[in-house]
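For reference, the structure discussed in these notes is given below.
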Amino acid sequence: MRVLLKYLILALLAAMLFMAQLSLWFLPNVELVTLLLMSIAVSFKFKDGVLVVFLFTLLEGLYWGFADWTLGYLWVWSLLVILTQITRPLTQLKANRMAILGGLFGLAFGFLFALQHALLFGLNMGISYWIMGIGFDLLHGFANYTLILLLFDPINKLLSQLIRKAESRYGNRHYENGR
């Protein structure tokens, strides 16, 4: 039952990511996915965070259609999970440090996709993709920084409370990331 509960929670978190992104579609490069994935990454094991990324990307693909961006979402968002977990000792889960990581990730987002474009479509395509999107990356980085600075602590606290509640009701700390 506990394993089923964990997968149900992860599926609901993926659906929450999808709805959060869908709700802000009209604001270019302003999204809550970075914030929410970072919170998930510090609350769950690596493989669980990546599973959420895969489910989220599947939902995005089913809604918007699958294309080369789908592959990018899989590895770029998984990279965020990895970076969040690797830098956890440095950030110490402090909102201002997490905001710096999220802001830098937003700045690098277009560059990471440009790398993929360069591999798939050639170096010139990758370079032009990156140059054309630098303004969006600046907005993405600023929005990530601001949203994480304001919302990381309450979101992380809420997620931790929900995990503790599920643990107390359904058993031990089977799925939490060692906290």
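The numbers here are math on the coordinates, done by the rules we state, and not lab data. Fair warning: this is a prediction, and the values are worked out from it, not measured in the lab. Neighbour counts are summed over all protein chains in view; Cβ atoms, including those assigned to glycine, are modelled from backbone coordinates with ideal geometry.
If you take the square roots of the eigenvalues of the alpha-carbon gyration tensor of the chain and sort them as a ≥ b ≥ c, do you get rounded (a/c under 1.5), prolate (a/b over b/c) or oblate?
prolate
Out of residues 5 or more away from Phe44 or on other chains, whose amide H comes under 5 Å of its own, with H placed 1.01 Å from N in the peptide plane?
For Phe44, the qualifying residues are Asn177.
Please give the contour-minus-distance gain from Arg2 to Ala15: 0.36 nm per residue of separation, less the Cα-Cα distance, rounded to one decimal in nm.
Extra length available between Arg2 and Ala15 comes to 2.7 nm.
Determine the distance separating the Cα centre of region 57-110 from the Cα centre of region 1-34; give it in Å without decimals.
13
Sort the following peptides by mean Cβ neighbour count (other Cβ atoms within 10 Å, averaged over residues), highest first: 127-136, 78-87.
The densest-packed peptide leads the list: 78-87, 127-136.
Can you sort Trp77, Trp64 by how many other beta carbons sit within 10 Å, fewest first?
Fewest to most other Cβ atoms nearby, the residues stand as Trp64, Trp77.
Pop a pseudo-label 7 angstrom from the Cα along the beta-carbon direction at both Tyr170 and Thr87 and give the gap in nm to one decimal.
It is 3.1 nm.
What is the helix-to-structure angle for 95-121, meaning the angle in degrees between its Cα long axis and the longest Cα principal axis of the chain, kept from 0 to 90 and rounded to the nearest 10?
Between the helix axis and the principal axis of the chain, the angle is about 50 degrees.
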